1. Taking the Cα centre of the range 113-173 as origin, work out the dipole magnitude from +1 charges on Lys and Arg Cβ and -1 charges on Asp and Glu Cβ, in debye rounded to 20.
2. Would you mind counting up the charge near Trp172? Only other residues with Cβ under 13 Å from its Cβ, with Lys and Arg at +1 and Asp and Glu at -1.
3. Charges on Cβ only, +1 for Lys and Arg, -1 for Asp and Glu, centred on the Cα centroid of the range 104-173; of Ala139, Ser165, Thr108, which one is farthest towards the dipole's positive end?
4. As a test, work out the antiparallel percent of DSSP beta bridges whose residues both lie in the chain, rounded to the nearest 5.
5. In the range 63-130, if the dipole is taken from +1 on Lys/Arg beta carbons and -1 on Asp/Glu beta carbons about the Cα centre, which of Ala63, Ala118, Cys78 is farthest to the positive end?
6. Given 0.36 nm per residue, what is the gain on full extension from Ile56 to Asn44 after removing their alpha carbon distance, in nm?
7. Roll a 1.4 angstrom probe over the protein heavy atoms and tell me the percent of accessible area of the range 30-118 that is carbon or sulfur.
8. Any idea what angle helix 136-153 forms with the longest principal axis of the chain, computed on alpha-carbon atoms, 0 to 90 degrees, nearest 10?
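The values are calculated or read from the model by the stated rules, or taken from the named source; none is laboratory data. Because the structure is predicted, anything quoted here is derived from the model rather than measured. Here Cβ is always computed from backbone atoms with ideal geometry, including for glycine, and neighbour counts include all displayed protein chains. Surface areas here come from the heavy atoms of the whole protein model, side chains and all, with no ligands, DNA or RNA. Shrake-Rupley method; radii C 1.70, N 1.55, O 1.52, S 1.80 Å.
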Amino acid sequence: HASGQRVIHLATHAFFLAPECRQSAVIRENPLLRAGLALAGANNHKDAAAEGDDGILTAADAASLDLEGTDWVVLSGCDTTAGVLQAGEGILGLRRAFQEAGARTVITSLWPVEDEDARVWMTTLYRDRFAKDEPTGDAVRAATRSVLAARRSHGQSAHPYHWASFISVGDWR
């Protein structure tokens, strides 16, 4: 159902299989099989297999989607930027896969995110981009500043870990 959608927001767990993970040679050779998202049904292997859906969306699966015309793909789970650094190619993982599929902008996290920080960040992001009609770059900046301001106003740590986890790659408009 992703094709033709202006915005796709996936708030779920991401994974990245490190090179030392003992998996088949195919997974080790194809970096797009090492990154993915755990969707509904991912922990219910028996029922998922019977339906032909294991609940896992690998980066390889994401790259095969038709996302032409999709302005934003937002991956608000932890570590959604993770991937394999390949010389001349950059980082091969979920972000790259969704861009290859046609998404103009992909918003991902660089490390684990706290639920409340992510909620504040996403609320501001969507408000500024769609209610205030701000460009993506300005909305990302405002969202980041809103988390920082909220943490400061509550006397919480202003360490970048809490407010600098999300990035936007692609079209800044």
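1. 180
2. 0
3. Of the listed residues, the answer is Ala139.
4. If we restrict to bridges inside the chain, about 70 percent are antiparallel.
5. Among Ala63, Ala118, Cys78, the one farthest towards the positive end of the dipole of the range 63-130 is Ala63.
6. Value of the extension gain: 3.2 nm.
7. Carbon-and-sulfur percentage of accessible area, whole number: 50.
8. It is inclined by approximately 70 degrees.
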